[in-house]
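Where a number appears in this text, it was derived from the coordinates with a stated rule and is not lab data. All values derive from a computational prediction rather than experimental measurement. When we count neighbours, we look across all protein chains shown, and the Cβ atoms used for this are built from the backbone with ideal geometry, even at glycine.
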Amino acid sequence: MLKYEIEIIKPEIIVTLGFSALKGLIPEIKSISEFRGKILNSKYGKIFSTFHPSYSMTSLKNKEIFQTVY
């Protein structure tokens, strides 16, 4: 359903929060880390991906990421 809506709306850019959202649009993606903060071109248009806020807040290690991104 989401892919159908994207085709109708044709957004200038799609922002995905988290691996699952990114993988839903680009199934061949293996890791979000290498694509976080970069603009990817796909058949749905431009996609900007970052970590999901809940992931970033789950540990002290990720807290630093959260503070730089949000």
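Working note: Karplus 6.51/-1.76/1.60 with θ = phi - 60° gives segment 35-43 the couplings 10, 4, x, 10, 8, 9, 9, 9, 5 Hz, where Gly and Pro are set to x. Under 18 Å of direct C-alpha separation, and excluding same-chain neighbours fewer than eight residues apart, Lys43 reaches these aspartates and glutamates: Glu5, Glu7, Glu12, Glu28. The residues neighbouring Phe19, those whose beta-carbon lies less than 15 Å from its own, together hold a net charge of +2 under the Lys/Arg +1, Asp/Glu -1 convention.
Close amide H partners of Lys46, meaning residues 5 or more places away or on another chain with modelled amide H under 5 Å apart, are Ile14.
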